[in-house]
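Q: First the structure, then my questions, so here it is.
The values are calculated or read from the model by the stated rules, or taken from the named source; none is laboratory data. Values in this document were obtained by computation on a predicted structure and should not be read as measured data. No Cβ is skipped: glycine too gets one built from the backbone with ideal geometry, and neighbour counts run over all protein chains shown. When the accessible area is computed, the model is the full protein with side chains, heavy atoms only, and any ligands, DNA or RNA have been set aside. Shrake-Rupley method; radii C 1.70, N 1.55, O 1.52, S 1.80 Å.
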Amino acid sequence: MIRQVVVLGGGSAGLLAALSLKTHLPQLAVRVVLSREIGIIGVGEGSTADLPNHLHGFLRIDPADFHQRARPTWKLGVHFEWGPRPSFNYTFTKTFIGEAEGLPRLLGYYAWDDCDSLDLNSALMHEGKAFKRLPNGAPFVARNLAYHMENADFVAALEHYAIASGVVFTEGKVHAVERGDAGIAALTLESREKVTADLFVDASGFRSELLGRALGEPFESFADALFCDRAVAGGWERTTEPVLPYTRAETMDAGWAWQIEHERHVNRGYVFSSAFVSDDEAEAEFRRENPKVQKTRLVKFRSGHHPRSWVQNVVALGNSGGFVEPLEATALFVISNACRALVVALADSECDPTPTLRGTYNRTVACMWEEIRDFLAIHYRYNTRLDTPFWQHCRRDTALHGAERIVAYYEENGPSTAFALELLTPETSIFRLEGFYALLIGQRVPHRRVRPLTAAEQQTLSRLRAANTAEARAGFDVTESLAVVRGPYWSWTPGFYQT
Ligand SMILES: Cc1cc2nc3c(=O)[nH]c(=O)nc-3n(C[C@H](O)[C@H](O)[C@H](O)COP(=O)(O)OP(=O)(O)OC[C@H]3O[C@@H](n4cnc5c(N)ncnc54)[C@H](O)[C@@H]3O)c2cc1C
């Protein structure tokens, strides 16, 4: 029976775990052990559209207070400078599998020549706007949006909420780990204090102190699909640049560069493969592209996961359980979903989890990692923008794994959703066919249903794009929207975010 939980780590994974457990299972004693000397990773600023719902729905964090503390900006999707088109937008809405009056097929069928502004969010991204304007003059703040944040601001906000909810904090570095029949018996801190618990959440980041080091649980590498293993990160203080409502992903010689938007900073980073470029060459290319970049830092990582992230009385969450490079900013997604699954597992078992329940939890989390790997593989396999040795290697050697079926289906049938449930494994797909088709169409991967549009179809599409563009242009940009939601006349509708 689990009564006491110790969370090792005070980064976003540890704090989201502590908050999730304390909010939904208040009878548990939850203690976070962290070392400020080791610190947090300090990168990881983009999310998917799941995060605002997790924070404000599942964790019941007041959005108004969160906007004051963590100061997020909104992300409508990813703007890819990728493939043969100048760029394309991947939104969190139904841009490619949506429908429009007068067009018998899904919008993706008509997107071969031009895939811009097929729906409102795509048009908002195109116009640099965050929200449409309602008839009453207010921005229409939607739920299907993600956040951009500074990792340190996010972690500070989560720490505040965790303390308020009754989570106890102990500062200290783990010096030794004692094994026992249940898995881990105790942690000894450098102060010699011994910390015991019934369940240990390993949120110690890439160090994976408990699952990886102490229990020696095997790690499965994703190196046959994802070749990048380092990032050089940097940025500059914003001056006149507008705050973009999306993440930029720009193709680079041996990888890609992100641009993530904060109110006061522009954050950039170059994710690259050390097999194709040295750290110094990557830094030089990064600085050539971004002359305003000030200080940089190098982060090394490996893509892959522990297929069993819950072993005996240890559950690994965050970078200690798995990591893939941040092209789709999915780490916080996996953390939030794993936290919800852990709460379900403990609540369902009345805090006495069985081996089959742990096994099912492990499959659930492992499936998320595998689908993310497969989705990212499509980004690498089909990006024809550059002909450098790195990109040649990606086009030739990226293993598609589970995405193979979806690509084969798309190549023969175009962006069809006729057998969506059969195609998507698991059924609870993260990206769904919309995501896969956005990347395939965006990169102009050929399919057999490509044909010239009729005059009538072209007219209908022109009218659709014009209407979306007009609505987007009249909308609010990020800076205007932030002023509104932080101002005196704005209130968040209770229940707005899904639990
Ligand atoms: C280049 C890069 C870009 C990224 N971009 C994104 C993104 O856009 N979106 C996204 O969702 N994710 C991104 N991530 C992932 C991001 O790092 C994670 O989402 C997230 O911050 C989780 O980190 P963590 O809590 O697992 O680890 P950390 O932040 O590293 O926290 C680990 C904690 O464990 C503690 N600890 C470790 N060892 C000990 C010890 N022995 N004793 C005591 N305490 C200890 C540390 O002090 C710290 O508190 C990115 C990662 C990288 C590398």
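Q: Counting only residues that are aliphatic (A, V, I, L, M) and at pLDDT below 95, which one in segment 417-467 is most open to solvent (accessible area, probe 1.4 Å)?
A: Within segment 417-467, the subset aliphatic (A, V, I, L, M) is 418, 420-421, 423-424, 430, 433, 438-441, 445, 450, 453, 455-456, 461, 464, 466-467.
Applying the additional criterion that residues be at pLDDT below 95 yields 418, 420-421, 423-424, 430, 433.
On the way: Ala418: 73, Ala420: 28, Leu421: 128, Leu423: 13, Leu424: 22, Ile430: 39, Leu433: 5 Å².
Of everything passing the filter in segment 417-467, Leu421 is most open to solvent (accessible area, probe 1.4 Å).
Q: Name the residue, out of Glu178, Glu220, that is touching a Pro at 6+ places or on another chain (Cβ under 7 Å) and at pLDDT 95 or above.
A: Glu220
Q: Can I ask one more? Does Ala100 satisfy the criteria of being open to solvent by 10 Å² or more (accessible area, probe 1.4 Å), on the phi < 0 side of the Ramachandran plot, touching a residue at least 60 places away in the same chain (Cβ under 8 Å) and more than 16 Å from the ligand (Cβ to nearest atom)?
A: yes
Q: Right, next: Which one is nearest to the ligand (Cβ to nearest atom) among residues in segment 17-55 that are in a helix (DSSP H, G or I) and within 25 Å of Glu190 (Cα to Cα)?
A: Filtering first and then ranking leaves Ala17.
Q: Still on this structure, I have one more. Would you mind telling me which numbered condition in (1) more than 30 Å from Val5 (Cα to Cα); (2) in contact with a helix residue (DSSP H, G or I) (Cβ under 8 Å, 6 or more places away or on another chain) Asp387 fails?
A: Among (1) more than 30 Å from Val5 (Cα to Cα); (2) in contact with a helix residue (DSSP H, G or I) (Cβ under 8 Å, 6 or more places away or on another chain), the lone unmet condition for Asp387 is (2).
Q: Something else about it: Select from segment 457-494 the residues that are of a type outside the set (D, E, K, R) and more than 27 Å from His262 (Cα to Cα) and list them in ascending order. So that I can check it myself, show each step before the final result.
A: Going through segment 457-494, the residues of a type outside the set (D, E, K, R) turn out to be 458-462, 464, 466-470, 472, 474-476, 478-479, 481-485, 487-494.
Gln458, Gln459, Thr460, Leu461, Ser462, Leu464, Ala466, Ala467, listed by residue number.
Q: Can Leu59 be described as touching a Ser or Thr at 6+ places or on another chain (Cβ under 9 Å) and at pLDDT 95 or above?
A: Values: touching a Ser or Thr at 6+ places or on another chain (Cβ under 9 Å): yes; at pLDDT 95 or above: yes.
Yes, satisfied.
Q: So, in segment 112-130, of the ones that are farther than 30 Å from Gly234 by Cβ and not in a loop (DSSP other than H, G, I, E, B), which residue ends up least open to solvent (accessible area, probe 1.4 Å)?
A: Among them, the one singled out is Ala123.
Q: Another question, if that's okay. State yes or no: is Gly137 touching a helix residue (DSSP H, G or I) at 6+ places or on another chain (Cβ under 7 Å) and not β-branched (Val, Ile, Thr)?
A: Answer is no for this residue.
Q: Quick check: anything in segment 343-354 within 14 Å of the ligand (Cβ to nearest atom), open to solvent by less than 10 Å² (accessible area, probe 1.4 Å) and not basic (Lys, Arg)? Full working, then the answer.
A: As a first pass, look at segment 343-354 and keep what is within 14 Å of the ligand (Cβ to nearest atom): none.
Checking segment 343-354: not a single residue is within 14 Å of the ligand (Cβ to nearest atom), open to solvent by less than 10 Å² (accessible area, probe 1.4 Å) and not basic (Lys, Arg).
Q: What single numbered condition from (1) more than 13 Å from the ligand (Cβ to nearest atom); (2) open to solvent by less than 10 Å² (accessible area, probe 1.4 Å) fails to hold for Phe92?
A: Unmet for Phe92, out of (1) more than 13 Å from the ligand (Cβ to nearest atom); (2) open to solvent by less than 10 Å² (accessible area, probe 1.4 Å): (2).
Q: Continuing with this model, one more query. Considering segment 135-175 alone, what residues qualify as being aliphatic (A, V, I, L, M), modelled with pLDDT under 95 and either away from the ligand (no atom under 12 Å from the Cβ) or assigned to a strand (DSSP E or B) (or both)?
A: Selection gives Ala138, Val141, Ala142, Leu145.
Q: Which condition from (1) part of a strand (DSSP E or B); (2) of a type in the set (A, V, I, L, M, F, W, C); (3) open to solvent by 10 Å² or more (accessible area, probe 1.4 Å) is the one that Ile184 breaks?
A: (3)
Yes or no, residue by residue, for (1) over 30 Å from Thr454 (Cβ atoms); (2) of a type outside the set (Gly, Ala, Ser):
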{"residue": "Glu127", "(1), (2)": "no, yes"}
{"residue": "Gly137", "(1), (2)": "yes, no"}
{"residue": "Arg143", "(1), (2)": "yes, yes"}
{"residue": "Ala214", "(1), (2)": "yes, no"}
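Q: Which condition number in (1) farther than 18 Å from Leu210 by Cβ; (2) in contact with a helix residue (DSSP H, G or I) (Cβ under 6 Å, 6 or more places away or on another chain) is the one that Pro326 fails?
A: Checking Pro326 against (1) farther than 18 Å from Leu210 by Cβ; (2) in contact with a helix residue (DSSP H, G or I) (Cβ under 6 Å, 6 or more places away or on another chain), the one that fails is (2).
Q: Then there is this: Consider Glu190 against the criteria (1) touching a His at 6+ places or on another chain (Cβ under 7 Å); (2) more than 15 Å from the ligand (Cβ to nearest atom): it satisfies all of them except one. Which criterion is unmet?
A: The number of the failed condition is (2).
Q: Still on this structure, please answer the following. Checking Glu325 against (1) within 11 Å of the ligand (Cβ to nearest atom); (2) open to solvent by 30 Å² or more (accessible area, probe 1.4 Å); (3) modelled with pLDDT under 95, which single condition isn't satisfied?
A: (2)
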